[in-house]
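Beneath this line is the structure, given in structure tokens, with notes to follow.
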Amino acid sequence: MRKNEVKLLAFCLCICILLGGCADKNPKELQQEDSGSSKIQIGFCFDSFVIERWLRDRDVFERFARMKGAEVNVQNANGDVEQQIAQIEYCIKKKVDVLVIIAVDGKAISEATQNAKDAGIKIIAYDRLIENADVDLYLSFDNEEVGRLMGEAMTENLPDGGNIFMIQGPETDHNVSMVAKGFLEAIEGSGLNIVYSANCEGWLSEIAYDEVNKGLEKNREIAGVMCGNDDLANQAFRALAENRMAGKVVLVGQDGDLSACQRIVEGTQAATVYKYVDILAKTASEYAVKMGKGEEIETDETIYDGSYNVPYKKLMPVAVNKDNMKQEIIDRDFHTAEDVYLNVKEPNTSE
């Protein structure tokens, strides 16, 4: 065989091997190889970072998603619904595989969310339900249980009843109504009377300060204040302190913020309902990567979004007080003992 014929035969063999390798791969895999990247693209649209816990959610989600080989594009709407809609549209143009959304307004972003789904993007409603949007997954805590735990903490600290304020988050947040439902069920028949109620638009804590003062102008004979989260409780505490009522009025919130944990051990807040943020964010990252790979996900139940029954992954919260602070907050590395007991002596728990 001549030298040129040998070269031609070797060339043909190489072509056959390459074609045979490509035949085993689907078009999506070939497209990923052509683009030079096979990473799952995840968009994460946040309401804002006004609430302390969202920063931790972001960091945990990004860390675990990247460990699984995904790329995360974080968007922050700063509490502006139009800005969030624009960011969803941006993620559609970027052709992300999965879009995770903490809704500014669960109704107002419905159409934009449906547009993303129509574009073939998998949608996770993170911690807040997006209404009438038929999302692929709603991942949150049992918000009615959050309210029940807050109500139980209130009744345990006020066994004889009394007048209370309800200072809640915005009505546009679907969770707010669910928390209220659980709270009202827990205090039913307890002798606790709601004498003032308000909603804080955009979860702005400064509104809570004003609303507590407005409530006190109408009725100073109060025994407790229920706050939609610990950020609102910060300002409720400030108003109570200025009226020399801090520590005398039972204060409850949620999220396990450091300032709330400090007040609990100091005796000026009764409880915070802690939601295992790390577990929520890690679970969301796992589901997002699975969805991006086209894998099926399973949930135990569904929730009605106003038009559709959507898959619902529900996690359970826990009430934290001074007795289980170490077990639920410190031992889980959510806050350090040094930070929690910054202003008071840490109890000696050693035998």
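List of remarks:
- Condition check for Glu145: closer than 25 Å to Lys39 by Cα and outside any loop (DSSP other than H, G, I, E, B): no
- Selection status of Glu201, more than 24 Å from the chain's Cα centre (by Cα), surrounded by fewer than 23 Cβ atoms within 10 Å (Cβ to Cβ) and closer than 28 Å to Ser140 by Cα: no
- Single unsatisfied condition, Ala281 versus (1) more than 16 Å from Asp230 (Cα to Cα); (2) touching a strand residue (DSSP E or B) at 6+ places or on another chain (Cβ under 7 Å); (3) crowded, with 22+ Cβ neighbours inside 10 Å; (4) of a type in the set (A, V, I, L, M): (2)
- Taken over segment 78-92, the residue count meeting the criterion of being closer than 21 Å to Asp257 by Cβ and of a type outside the set (S, T, N, Q) is 1.
- Segment 326-345, residues that are without any contact (Cβ under 8 Å) to a residue 12 or more places away in the chain and either part of a loop (DSSP other than H, G, I, E, B) or under 10 Å from Leu258 (Cα atoms) (or both): Asp331, Asp333, Thr336, Lys345
- Qualifying residue in segment 184-194 (condition: assigned by TED's automatic domain parsing to the domain that holds Leu251, farther than 20 Å from Asn157 by Cα and β-branched (Val, Ile, Thr)): no
- In segment 93-126, residue nearest to Gly202 (Cα to Cα) [restricted to those that are basic (Lys, Arg) and either modelled with pLDDT under 95 or not in a strand (DSSP E or B) (or both)]: Lys107
- Residues in segment 221-239 that are surrounded by fewer than 24 Cβ atoms within 10 Å (Cβ to Cβ) and either touching a residue at least 40 places away in the same chain (Cβ under 8 Å) or outside the structural domain of Val252 (by TED's automatic domain parsing) (or both): Glu221, Ile222, Ala223, Gly224.
- Asp80 closer than 15 Å to Met291 by Cα and surrounded by 14 or more Cβ atoms within 10 Å (Cβ to Cβ): no
- Applying the criterion of being over 29 Å from Ser48 (Cα atoms) and in a loop (DSSP other than H, G, I, E, B) to the residues of segment 244-258, the residue that is farthest from the chain's Cα centre (by Cα) is Arg244.
The values are calculated or read from the model by the stated rules, or taken from the named source; none is laboratory data. Just so you know, these numbers come straight off a predicted model, no measurement behind them. Positions of Cβ are backbone-derived with ideal geometry, glycine not excepted, and every protein chain shown enters the neighbour counts.
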